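Novice: Here's a structure for you.
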Amino acid sequence: QVQLVESGGGLVQPGGSLRLSCATSGFIFGINAMAWYRQAPGKERELVAYISSVGDTNYAASVKGRFTISRDNSKNTLYLQMNSLKPEDTAIYYCNTATGSRDWGQGTQVTCSS
């Protein structure tokens, strides 16, 4: 059974940082391109960061230069380092394959507010 378990969210002031983790199981993590997505209230889910199976990365324009996606294939875990957070980054953050092919986890709430 595929599981995607996100963690690390919380409340942070503007300019602060958070590191999200996504523990995966039930599929061969190391051969899959992975991504972080987010969904803000009233908005559609959007892809914010992508990483290939060999570590090539790409980012949405809104987070480029502030967020860093990484992966540890030995731990089947995906990470998202988020720096210089802004109120508009407030959303529920999810991980999935780059095509969103697996069942979605519960996500982790990130709230950036003063």
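Novice: Inside segment 15-46, can you point out the residues that are under 18 Å from Lys86 (Cβ atoms), part of a strand (DSSP E or B) and not polar (S, T, N, Q)?
Specialist: Leu18, Arg19, Leu20, Trp36, Tyr37, Arg38, Glu46
Novice: Within segment 63-91, track down each residue that is touching a residue at least 60 places away in the same chain (Cβ under 8 Å) and among the aliphatic types (A, V, I, L, M).
Specialist: Initially, segment 63-91 is screened for residues touching a residue at least 60 places away in the same chain (Cβ under 8 Å), giving 79-87.
The answer is Leu80, Met82, Leu85.
Novice: Could we say that Thr57 is of a type in the set (Val, Ile, Thr), under 25 Å from Gln3 (Cβ atoms), more than 13 Å from the chain's Cα centre (by Cα) and open to solvent by 20 Å² or more (accessible area, probe 1.4 Å) here?
Specialist: no
Novice: Take the conditions within 17 Å of Val5 (Cβ to Cβ) and either within 13 Å of the chain's Cα centre (by Cα) or modelled with pLDDT of 95 or more (or both) and apply them to Gln106. Does it pass?
Specialist: Yes, satisfied.
Novice: Do the conditions hold for Ser21, that is, is it without any contact (Cβ under 8 Å) to a residue 60 or more places away in the chain and either open to solvent by 60 Å² or more (accessible area, probe 1.4 Å) or under 11 Å from the mean Cα position of the chain (by Cα) (or both)?
Specialist: Against the criterion (without any contact (Cβ under 8 Å) to a residue 60 or more places away in the chain and either open to solvent by 60 Å² or more (accessible area, probe 1.4 Å) or under 11 Å from the mean Cα position of the chain (by Cα) (or both)), Ser21 qualifies.
Novice: So, in segment 73-103, exactly how many residues are within 16 Å of Tyr37 (Cβ to Cβ), hydroxyl-bearing (Ser, Thr, Tyr), modelled with pLDDT of 95 or more and open to solvent by 20 Å² or more (accessible area, probe 1.4 Å)?
Specialist: 3
The values are calculated or read from the model by the stated rules, or taken from the named source; none is laboratory data. These figures come from a predicted structure and were not determined experimentally. When we count neighbours, we look across all protein chains shown, and the Cβ atoms used for this are built from the backbone with ideal geometry, even at glycine. We work out accessible area using only protein heavy atoms, side chains counted, and drop any ligands, DNA or RNA first. Shrake-Rupley method; radii C 1.70, N 1.55, O 1.52, S 1.80 Å.
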